[in-house]
Amino acid sequence: MPRAGDGRTSELVAALSCDASSPFTVRHFHPLPDLSAPGFSIDVQLLPADGPFPATERGFDVDQTNRSVVVGESVVVKWLTPPAPLPQPTPDVFAHLTSVGFTATATPYAAVSRRGDDGELLLALVTAYLPDARDGWEWCVDEAVSGGTEFAADLGVLAADLHAAMATPSATFPDPVRQTPAVPKTGTTAWSVRAGEALEEALALTDGEDGDWLAAHADALRAELAPLAWADATPLIRIHGDLHVGQTLRWRDGYAVIDFDGNPTVTGADPFQPAARDLAQLITSLEHVGQVAVKRRDAHPLVISAWAVAAREALETAYLARLAEHGHASLLDRSLLRPFEIEQECRELIYAARHLPRWRYAPMGVLRSWYR
């Protein structure tokens, strides 16, 4: 697997920029930047000579499931570790958003895949580098500590613009808005089954004092999920699937949403989902920001609680207003927000148990704040 500084990522970018022959399958979305521009010093004449290429390479100093390398301070190559079998959601989402003119993201350049023993494997995603970018686990925590909530309206607009774009037809998604299947006579839906399984898994994986608390409140949590069993007549679109503040960058020119890979704790879900699922996850991530501020920045819990309420309200209000501006107010079924919020907290506990045990304090802190 390529690493920052070994030249292999620069070599890939150079090959993509001049359409050099390679063993890879490349799906292009936007032209790559000029490699001869200042600060981007790959010499394409070096192809096909052996590297290393002279462009600067560096990694990101953050926890990532995959490995990202910045090349020439202009391009980011995200290497999937391990490579993922196609189809994957991101290439199609990139193609769709490009065709409908959505620009509030890191400009997508290419998706790179190769033939494996079991079919085509997605190796890398190539996007623009956003100067001065910080993700929400940095900038939003600063906002929580300072008490600022003005940003929340911007995030609401960003989410609404994304959903309106997803609801716009394109060659990739010619039928982007679908209707909820009829509720079966069993009185359950795929959403209620999925949420119930998430709760049961969270109960099984959460031990100690947190596990005891969760078990004591299991019936209350199940009651909150009940509306999913009779949800009906809700429009469905391709959603982000893992929309939280960590996927929203604040950079030199504003805000951008990134990483369309889907929820890492969910497999096999229909890619068409209610917009409320994305909005619920984004809203609950504000609550997680508050928990981070309390634990890591010594913020006062009561002050943060008030901040979270104000930020949530501002985000949702701006989201609804912006959807209405786009003529898509019907995309949001508000009755689904609370059940999806509960499911998301269960998924945060699952993620903590499987991948990042130290994270458990955040969803448990949110749940305890909801059931005082």
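The values are calculated or read from the model by the stated rules, or taken from the named source; none is laboratory data. Not measured: the values here are computed from a predicted model. Note: ideal-geometry Cβ built from the backbone for every residue, glycine included; neighbour counts use all protein chains shown.
Among the residues of segment 121-171, those identified as more than 29 Å from PRO2 (Cβ to Cβ), surrounded by fewer than 18 Cβ atoms within 10 Å (Cβ to Cβ) and of a type in the set (D, E, K, R) are ASP142, GLU150, ASP154.
Residues are listed down the side, and each one gets a yes or a no for (1) closer than 26 Å to GLU316 by Cα; (2) polar (S, T, N, Q); (3) modelled with pLDDT of 95 or more:
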position: ASP61; (1), (2), (3): no, no, no
position: VAL69; (1), (2), (3): no, no, no
position: THR107; (1), (2), (3): no, yes, yes
position: ARG114; (1), (2), (3): no, no, no
position: GLY119; (1), (2), (3): no, no, no
position: ASP142; (1), (2), (3): yes, no, yes
position: VAL145; (1), (2), (3): yes, no, yes
position: THR149; (1), (2), (3): yes, yes, yes
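Taken over segment 328-351, the residue count meeting the criterion of being farther than 16 Å from ILE283 by Cα and touching a residue at least 12 places away in the same chain (Cβ under 8 Å) is 6. Checking each residue in segment 266-303 for being under 18 Å from SER335 (Cβ atoms) and not basic (Lys, Arg) picks out GLN273, PRO274, ALA275, ALA276, ASP278, LEU279, ALA280, GLN281, LEU282, ILE283, THR284.
Which members of segment 79-100 meet the condition of being charged (D, E, K, R) and buried (at least 20 other Cβ atoms within 10 Å of the Cβ)? Write out each step before concluding.
Step one: list which residues in segment 79-100 are charged (D, E, K, R), which gives 92.
If the condition is that a residue be charged (D, E, K, R) and buried (at least 20 other Cβ atoms within 10 Å of the Cβ), then no residue fits.
Filtering ALA220, ALA171, ALA215, ALA195 for residues that are touching a residue at least 24 places away in the same chain (Cβ under 8 Å) and either touching a Leu at 6+ places or on another chain (Cβ under 7 Å) or of a type in the set (Lys, Arg) (or both) leaves a single hit, ALA195.
Return the residues of segment 133-178 that are among the basic types (Lys, Arg) and closer than 27 Å to SER74 by Cβ; say none if nothing qualifies.
As a first pass, look at segment 133-178 and keep what is among the basic types (Lys, Arg): 134, 178.
Of everything in segment 133-178, just one residue is among the basic types (Lys, Arg) and closer than 27 Å to SER74 by Cβ, namely ARG134.
Across segment 169-186, the number of residues qualifying as modelled with pLDDT under 95 and not small (Gly, Ala, Ser) comes to 8. Please work out if THR189 is among the hydroxyl-bearing types (Ser, Thr, Tyr), buried (at least 18 other Cβ atoms within 10 Å of the Cβ), assigned by TED's automatic domain parsing to the domain that holds GLU348 and at pLDDT 95 or above. In short, no. Of all the residues in segment 101-120, those that are crowded, with 19+ Cβ neighbours inside 10 Å and more than 19 Å from the chain's Cα centre (by Cα) number 2.
Only a single criterion out of (1) over 19 Å from the mean Cα position of the chain (by Cα); (2) at pLDDT 95 or above; (3) hydroxyl-bearing (Ser, Thr, Tyr) is not satisfied by TYR319, namely (1).
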